[in-house]
Structure formats: C-alpha cells, structure tokens
Amino acid sequence: MGGGDESMLGGGKTTSPPQASSRSEPATPNKNMFHYKSPSRGSRAGGGVQTTGGVHRPVDRLFGGLASDHTSPSSSPSRRNLTANSSHEIYSVSPVRMDSQRLLLSPRKQPRPVSKVPYKVLDAPDLADDFYLNLVDWGSTNVLGVGLGSSVYLWNAQSGQVDSLCTLNDERITSLSWITHGPHLAVGTSSGAVQIWDTQNCKRIRKMTGHLARASALSWNEHILTSGSQDRTILHRDVRVADHYVTRLSGHRQEVCGLRWNVEENLLASGGNDNKLMVWDGLNTEPLHKFQAHEAAIKAISWSPHQRGLLASGGGTADRKIRFWNTQTGSLLNEIDTGSQVCNLAWSKNSNEIVSTHGFSQNQIMIWKYPSMQQVAALTGHTYRVLYLALSPDGKTIVTGAGDETLRFWNIFDDNRANTRLNSSLLDVFQQLR
C-alpha cells in the first residue's frame, strides 16, 4: 500500500522524469528540461537564477515546491511548475494518493490497556438467573447490596466485610436500589411490596404496597421512589410522607423490567417486555417519547452523564442491539448490533465510554468508546448470562453478577477526574502565591 515507495518519496536527491529518445547514442540534456543553478555571488539576496535554454530568469525559491508563478488546483501541472520536490504525486508510481500513504504509514493509536482478569471474585449462592430482575446495586457509601433468594447481603468495599441485612418470610428479593445519597436501600419483593431499610442500623423503616405482582425494577429521584412491576404498571411514591402514593403510569403492556431516572433533567426512562422504551417528563402520566425500534425486552437503560438528553438502551435475545436516543428531539442517533442479548448498560462517570453486559450467546462484558463505538475491551469469565451490573461510587470499578452464582469485580475505567482536581488545586495554590 505505498510502503515500498517511501524511500523514493522521501529522498533528498532530486531527479526529473526521464525523456523518451529514439537515438541509440547517449542521451544529452534536452533544452526544454529544467536545470537549477545556485545563485551567483553577485545575485541579489533572496533571488536565484533559472537557466532554460541559455536564458537566465530569476526564481523565488530553489527548493521546496513550485516556482513563483502559481497554477490553480484544477489545472494540470505544467513543466514550468514542477521543481525538484520528489514528494510530488507526479513522481509516484503508487496508485495510492500521497495523503492516504501518510495516513496508512502513520502509527496506529492503541486503545488504552484494560485488565482482562477480575481483581476479586465472590461467591453468590442462589443469585437468580432471571433476565427481568435487578438484584445488584452499589451505593454512595461504597457498600454493595445483593439479593440472594429471600435475603439481602451487604458487602463493604472498604473493609471487605459481609453482613446480612434481612431475610424475608415466604418472599423472594426481586430488585434493589440505593438512594442517591445515604444509607437507605429500597428492596422490591416477589409479592409486589417495596421496603426501605436503614442499612446502618439494619432496620426496616417503610413497607409500601400497591403492585399486584413482583416489583422487578426500582429507581430513585431524590425523595421520589419509582417502582416497575410485572403487573405492567409504574408507581411513584413520596417516601417523606405517610401517604406515599403519588401516581400510577400505565403505558406498558407487559412487565416493566428497566427503570432509570435522569435526576438532573427530571426524566424517567422505562423499558418493558413489550419491547417498548418510554421517556416520561417528571411525574406526568403521559409519556414524552415512546420508542418502538427494539425487537425484544428492554432491561438495559442508561443516561449519559456527559451529554444532555442522551439515552442508551439495549434489547434482548431477538434484538441484540444498543441504541442511542436524543430525548430532546425524540430521534434515534445510532445503533450497533452486538451479536448477543444486551442485559445491562452503564456509562463511565469519568470518560465518554459505556460498558455493556451480555447473555446469549457469548456471556461477555464489552467496553465501548462513544460516539465511535470502537471496542475498547471484551471481558470474559462468566459461564452464564451476565444479568447484573453495578458501578462503584468513584466510577473506576464495575461488579458483574451471573447465573453461575459469582460476583466479579473489574477495574476498567480511568479516574480522569482525579487529574482535573489535582490541576485545579495546584492552580489555586499558584493564585494564592500571586
């Protein structure tokens, strides 16, 4: 692809194109060929002498391209405008253009290194292999909550200590969600009830009913706790007051398995087993947008922290695609076929990257660069569908859970914000010295 021509293109010695001759005797210089001569001692500064057929004419430059009389790019190059610059395309025998050669020969930018091995693996017995549940969440206090069967366990990431929060009678855990800031954990159950627990004191402080079937998805917006259920409805509750019920949303026709609040813009995204993705403005009972491009259940939903109104969603086994939506205009921005069931999505807090976890048929974890969707890394290790995903509070680590009853911890994202804070603090010091 032009690599063999590099020595010819970059050489310092200049030659003119060979002239065809029908004579058998040695060729002599053609009087129409250019001949360059160094400026004489008596020539004026900055000027040279061009000799063409014995006639001397001033030349602006001896080396480096075209003479002083320029030609338009659309016209074909004439002999008056060819110089000793051997990198000109007319001297190349390669079919590849010069700018394309430079691009092909330039060193390829390597993706950042990502460890392909989890730094920690925890056993999670009785972790359900159910696509529609949400049983793992990582809170702002750096405590991981996991629902195992009828029990909720807490793992402290700083100390490594594991504690049992609760065990329910005749009910199974179907969803977990930490409040945005603080130690309170919402727990959805198979009966449809939603409980709120104070994890510091291991005490239940609220139990709220309203759903007729399991509460499979939960999401917080400040003091509003939103739950999605197998009964196809979404409930908003104000946890500050005794009469917690606010409103009910009935847009989906099958189980609601994905819920995610965008707190900054007060928008709620919901995904269901009816292949519908809906965006709700605040507590309004009518959807702002209803997207129907997916061809399978939508559990994977994530709002971008880097661009306003950017929503990512992923479809199940019959769909396998990640789609990106502009919720300000209601338009589809991009889609990519991942080749397998999309179970979860999470944006990096520190860089414009997104991670996806997958089920049938590869059970992999993928890291993508947005918006190019260039693959940064592919992580494997789970032997069942990677149904659960949570991001650490500092944004550097993810935990994944699967039906193989393991939790795996991966360091995949850089903490670019740390460098920003460091530079900002140094700038403050210099400003104080001035």
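Structural remarks
- Were the residues from GLU286 through ALA318 laid out at 0.36 nm apart, the gain over their Cα-Cα distance would be 8.7 nm.
- Sorting 283-289, 222-228 by average packing, meaning the other beta carbons within 10 Å per residue, from highest down gives 222-228, 283-289.
- Packing-based order for 159-168, 182-191, 376-385, using average beta carbon neighbours within 10 Å, highest first: 182-191, 376-385, 159-168
- Two-site label geometry, ARG308 and THR167: point separation in nm, points 7 Å out along Cα→Cβ: 5.1 nm
- Charge dipole (the stretch 145-292, unit charges on Cβ, about Cα centre) - positive-most of LEU176, TRP261, HIS223: LEU176
- Aspartates and glutamates with Cα under 17 Å of LYS369, excluding same-chain neighbours fewer than 8 positions away: GLU335, ASP337, GLU353, ASP414, ASP415
- Spin-label proximity, ASP130 to the stretch 307-351 - amide N less than 19 Å from point 7 Å beyond Cα toward beta carbon: 316-317, 343-344
- Per-residue ³J(HN,Hα) for the stretch 238-252, Karplus 6.51 cos²θ - 1.76 cosθ + 1.60, θ = phi - 60°, Hz, x for Gly and Pro: 9, 6, 7, 10, 5, 8, 6, 5, 10, 6, 10, 10, 10, x, 8
- With the Kirkwood sum run over all distinct C-alpha pairs, the stretch 145-292 has a hydrodynamic radius of 15.6 Å.
- Length gained on full extension, MET373 to SER361, computed as 0.36 nm times the residue gap minus the Cα-Cα distance: 2.3 nm.
- Amide H contacts of SER229 (H built 1.01 Å from N, under 5 Å, at least 5 apart or other chain): SER216, VAL256
- Distance (nanometres) between label positions extended 7 Å along Cα→Cβ at VAL114 and THR380: 1.5 nm
- The string of couplings for the stretch 342-357 from the Karplus curve (6.51, -1.76, 1.60, θ = phi - 60°) is 9, 9, 8, 9, 8, 7, 5, 7, 10, 9, 7, 10, 9, 10, 10, 10 Hz, one whole number per residue in order, with x for Gly and Pro.
- Given their separation in residues at 0.36 nm each and the Cα-Cα distance between them, MET98 and LEU212 gain 34.2 nm when the chain is fully extended.
- Ordering of 326-336, 207-217, 294-304 by packing [mean C-beta count within 10 Å, highest first]: 294-304, 207-217, 326-336
- Ordering THR209, GLY315, THR338 by the projection of their Cα atoms onto the charge dipole of the stretch 198-355, which places +1 on the Cβ of Lys and Arg and -1 on the Cβ of Asp and Glu, puts THR209 at the extreme positive end.
Coordinate-derived values only; no laboratory data. In this text the structure is predicted, and so the values were computed from the model without any measurement. Note that each Cβ is placed from the backbone with ideal geometry, even for glycine, and that neighbours are counted across all protein chains shown.
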